[in-house]
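Novice: Okay, handing you the structure first.
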Amino acid sequence: TVVVASKVFTEAVVLGEIAVGVVRDAGYAADHRRELGGTRVLFNALVSGYIDVYGEYTGTIIQEILAELDLRTQDELRAALRERGILMTKPLGFDNSYAIGMRPETAARLGVSTISDLRGHPELRIGMSNEFMDRGDGWPSLRRAYGLAGDNARGLDHDLAYRALDGGDIDAMDVYTTDAEISYYGLRLLEDDLSFFRTYDAVYLYRADLETRAPRVAAALRRLEDTMSEASISLMNARVKLD
């Protein structure tokens, strides 16, 4: 049995289900531990051998998981992972970065089009996903980079933040750029005018011993490289989340 895991958000579960499908097509049993936890929980579970594969993002690996190594290139990233017994596929074909979203009528009324514009509105109520509030590449670093006020920011469940934004209980929130809710709620994404957010190419991380323990699975995961676009993953997210 190959153990697949996913983080606690829709797209992670979708990527987990895709991995389960290719594992079974390769002739192996698959166990999907859905919504197992956040980034650190899943990566530590992978290193320890509790799970075998999960979907991750290059920006998260570089800036959060292995931030202390100050990795600069894909070769350095792959070498650091291999030292921990982990292999990484090439990008799956889409980038799911962070962005800051607002209701268009609020942004238009305040004249806000960039993240820098938020500096002029310290009164805005900001809701950030709980993990983003604590991540090294999340709210603390974003706040410092842009010189933003932080008194009105609070952590929320990601799904609840969308509802709070739509209901007018908060004024801005962090989003994943492939979230189905962006178009559903008609949100405006603020320009990252200081280029703070890095590229977050989706990849699969898997234990190196799959190459010998379940070689057909490792080959099947690699066949998923460059097969998904931002449009296709957004549609899958919408089918799960909205439909």
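Novice: What number of residues within the range 33-62 are part of a loop (DSSP other than H, G, I, E, B) and either hydrophobic (A, V, I, L, M, F, W, C) or free of Cβ contacts under 8 Å to residues at least 24 places away in the same chain (or both)?
Specialist: 1
Novice: Just to be sure I understand the filter: pairs with C-beta atoms under 6 Å, separated by 6 or more residues or on different chains, first member in the range 216-235 and touching a residue at least 24 places away in the same chain (Cβ under 8 Å), second member assigned to a helix (DSSP H, G or I) and open to solvent by 20 Å² or more (accessible area, probe 1.4 Å). Which pairs pass?
Specialist: A218/E211; A220/V22
Novice: Please go through the range 1-59 and give me each residue that is in contact with a helix residue (DSSP H, G or I) (Cβ under 9 Å, 6 or more places away or on another chain), among the small types (G, A, S) and closer than 14 Å to R207 by Cα, ordered by number.
Specialist: If the condition is that a residue be in contact with a helix residue (DSSP H, G or I) (Cβ under 9 Å, 6 or more places away or on another chain), among the small types (G, A, S) and closer than 14 Å to R207 by Cα, then A5, A19, G55 are the ones that fit.
Novice: Scan the range 112-158 for residues that are in a strand (DSSP E or B) and either at positive phi or small (G, A, S) (or both) and jot them down. Explain how you work it out, then say what you get.
Specialist: Keep residues of the range 112-158 that are in a strand (DSSP E or B), which gives 114, 126-129, 153-156.
Matches in the range 112-158: G127, S129, A153, G155.
Novice: Just the residues that are on the phi > 0 side of the Ramachandran plot and touching a helix residue (DSSP H, G or I) at 6+ places or on another chain (Cβ under 7 Å), please, taken from the range 60-92. Working first, answer last.
Specialist: So in the range 60-92, the residues on the phi > 0 side of the Ramachandran plot come out as 70, 85.
Result: G85, single match.
Novice: Between a residue in the range 148-164 that is closer than 19 Å to E35 by Cα and any residue that is hydrophobic (A, V, I, L, M, F, W, C) and open to solvent by 30 Å² or more (accessible area, probe 1.4 Å), which pairs come within a Cβ distance under 7 Å, given they are 6 or more apart or on different chains?
Specialist: From the range 148-164, the pairs are G155/M133; H158/F9.
Novice: Let me ask you something else. Would it be correct to say that T227 is part of a loop (DSSP other than H, G, I, E, B) and exposed (fewer than 13 other Cβ atoms within 10 Å of the Cβ)? Break it down stepwise before answering.
Specialist: Working: part of a loop (DSSP other than H, G, I, E, B): yes; exposed (fewer than 13 other Cβ atoms within 10 Å of the Cβ): yes.
So T227 passes the test.
Novice: Can you tell me which residue in the range 45-78 is surrounded by the most Cβ atoms within 10 Å (Cβ to Cβ), limited to those that are aliphatic (A, V, I, L, M) and touching a Phe, Trp or Tyr at 6+ places or on another chain (Cβ under 6 Å)? Full working, then the answer.
Specialist: In the first step, residues of the range 45-78 are kept if they are aliphatic (A, V, I, L, M); the result is 45-47, 51, 53, 61-62, 65-67, 69, 71, 77.
After this cut, where a residue has to be touching a Phe, Trp or Tyr at 6+ places or on another chain (Cβ under 6 Å) as well, the list is 53, 65.
On the way: V53: 29, I65: 22.
Within the range 45-78, the match that is surrounded by the most Cβ atoms within 10 Å (Cβ to Cβ) is V53.
Novice: I'm trying to understand the selection: among the residues of the range 84-103, which are under 16 Å from L124 (Cα atoms) and open to solvent by 40 Å² or more (accessible area, probe 1.4 Å)? If you could, list the steps in order and put the result at the bottom.
Specialist: First pass over the range 84-103, keeping only residues under 16 Å from L124 (Cα atoms): 100-103.
Once the filter is applied, which keeps residues that are under 16 Å from L124 (Cα atoms) and open to solvent by 40 Å² or more (accessible area, probe 1.4 Å), the range 84-103 yields only R103.
Novice: Going through the range 64-74 one residue at a time, which ones are part of a helix (DSSP H, G or I) and under 13 Å from F43 (Cβ atoms)?
Specialist: Result: E64, I65, A67.
Novice: With respect to L189, is the statement that it is open to solvent by 60 Å² or more (accessible area, probe 1.4 Å) and either at pLDDT 95 or above or among the small types (G, A, S) (or both) true? Walk me through it before giving the result.
Specialist: Numbers: open to solvent by 60 Å² or more (accessible area, probe 1.4 Å): yes; either at pLDDT 95 or above or among the small types (G, A, S) (or both): yes.
For L189, the condition - open to solvent by 60 Å² or more (accessible area, probe 1.4 Å) and either at pLDDT 95 or above or among the small types (G, A, S) (or both) - is met.
The values are calculated or read from the model by the stated rules, or taken from the named source; none is laboratory data. All values derive from a computational prediction rather than experimental measurement. Neighbour counts run over all protein chains shown; Cβ positions are idealised from the backbone, glycine included. Heavy atoms of the whole protein, side chains included, go into the accessibility calculation; ligands, DNA and RNA do not. Shrake-Rupley method; radii C 1.70, N 1.55, O 1.52, S 1.80 Å.
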